[in-house]
1. Can you tell me, using C-alpha contacts under 8 Å and at least 6 residues apart, the relative contact order of region 4-95 as a whole percent?
2. For LYS38, enumerate residues with amide H under 5 Å from its amide H, sequence gap 5+ or separate chain, H modeled in the peptide plane.
3. For the Cα atoms of the chain, what angle does the longest principal axis make with the long axis of helix 49-62, in degrees from 0 to 90, nearest 10?
4. Taking amide H positions as placed 1.01 Å from N in the peptide plane, with prolines and chain starts having none, which residues 5 or more places from GLN79, or on another chain, fall under 5 Å of its amide H?
5. Could you tell me the convex hull volume per residue, in Å³, taken over the Cα atoms of region 4-95?
6. Once you put a point 7 Å from the Cα of ILE90 and another 7 Å from the Cα of LEU29, both along the Cβ direction, what distance in nm separates them?
7. Can you list the aspartates and glutamates whose alpha carbon sits under 14 Å from that of LYS12, skipping same-chain ones fewer than 8 residues off?
Amino acid sequence: MNKPAHVRWCNKILILQVYVQARAGRDELGGWHERGLKIRLKSPPVDGQANKHLLKFLSKLFKVAISNIRLLKGETSRQKTLAIERPATIPNWLATIKT
């Protein structure tokens, strides 16, 4: 995976654009989509459930508290922009991206 246009650093904050597919068979990364990192989630997109599930998924992936992740754009959209403050772990596929 290497699509730096959807990932950037602002000091110690990782800005990540994602494309969410709700009601998937399992929670997983789906590679790069033209609109961002594709993330498949089991949760339905009803009453903010998918957003909550997304934050939980990302908190495990980056080993940060859910409170360290903010949804900047796209609350009701599949395309979202998130800010992850001081991620404790950077996945290998992301560590190689220099932006």
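Since every read-out is calculated from the coordinates, none of them should be taken as a lab result. These numbers come from a predicted model, not from an experiment. Cβ atoms come from the backbone with ideal geometry, glycine included; neighbour counts cover every protein chain shown.
1. Answer for region 4-95 is 29 percent.
2. Correct list: TYR19, GLY30, GLY31, TRP32, HIS33.
3. Orientation of helix 49-62: about 30 degrees from the principal axis.
4. Sorted by chain and number, the residues that satisfy this are VAL20.
5. Enclosed volume per residue, from the Cα hull, is 87 Å³.
6. In this crude spin-label approximation the distance works out to 1.3 nm.
7. Filter leaves GLU85.
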